[in-house]
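Contents: one structure, followed by commentary.
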């Protein structure tokens, strides 16, 4: 299945519905892990696929209204989004906690800019619930 199969929007591969539904339960990750949700909850620059990296490793391509959920070890992690100018955010995550990061894109003078920002639990869960889960290279479920 692909998100936004309308040819006017970027298209990325999606997980099975069961994985999407499971991630939207917002359960604590397995013991000794943290979970980071990265969501692109806007249709701005809709034809642009966003490449996301975690700690320098490719994690996924996400499109408008898609997200990924990645379980990580506690500690410091870098999330990078590629655009005409890359953007990066550093997170310090604690075991058993859920974190939400929003990736926004903007277009100004034919230059795509990216923005990563932390969301609180309510905003993060709302954005995830309105999106579909994209396949991540870090998926274990």
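The table below lists the values:
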read-out: Residues located in the range 115-132, provided they are surrounded by 18 or more Cβ atoms within 10 Å (Cβ to Cβ) and not in a strand (DSSP E or B); value: 124, 127, 128, 131
read-out: Residue pairs meeting the criteria (Cβ under 8 Å; at least 6 apart or on separate chains; first closer than 16 Å to residue 58 by Cβ, in the range 115-141; second surrounded by fewer than 17 Cβ atoms within 10 Å (Cβ to Cβ) and at pLDDT below 90); value: 134/13; 135/13
read-out: Qualifying positions in the range 27-40 - within 15 Å of residue 99 (Cβ to Cβ), surrounded by fewer than 22 Cβ atoms within 10 Å (Cβ to Cβ) and in contact (Cβ under 8 Å) with a residue 12 or more places away in the chain; value: 28, 29, 33, 35
read-out: Qualifying residues in the range 99-109 (those that are over 13 Å from the mean Cα position of the chain (by Cα) and surrounded by 12 or more Cβ atoms within 10 Å (Cβ to Cβ)) - the one nearest to residue 60 (Cα to Cα); value: 106
read-out: Residue 112 vs. criteria at pLDDT below 85, more than 17 Å from residue 66 (Cα to Cα) and surrounded by 14 or more Cβ atoms within 10 Å (Cβ to Cβ); value: yes
read-out: One residue from 20, 84 being surrounded by 14 or more Cβ atoms within 10 Å (Cβ to Cβ) and either at pLDDT 95 or above or on the phi < 0 side of the Ramachandran plot (or both); value: 20
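The values are calculated or read from the model by the stated rules, or taken from the named source; none is laboratory data. Fair warning: this is a prediction, and the values are worked out from it, not measured in the lab. So basically every Cβ, Gly included, is an ideal-geometry build from the backbone, and we count neighbours across all protein chains shown.
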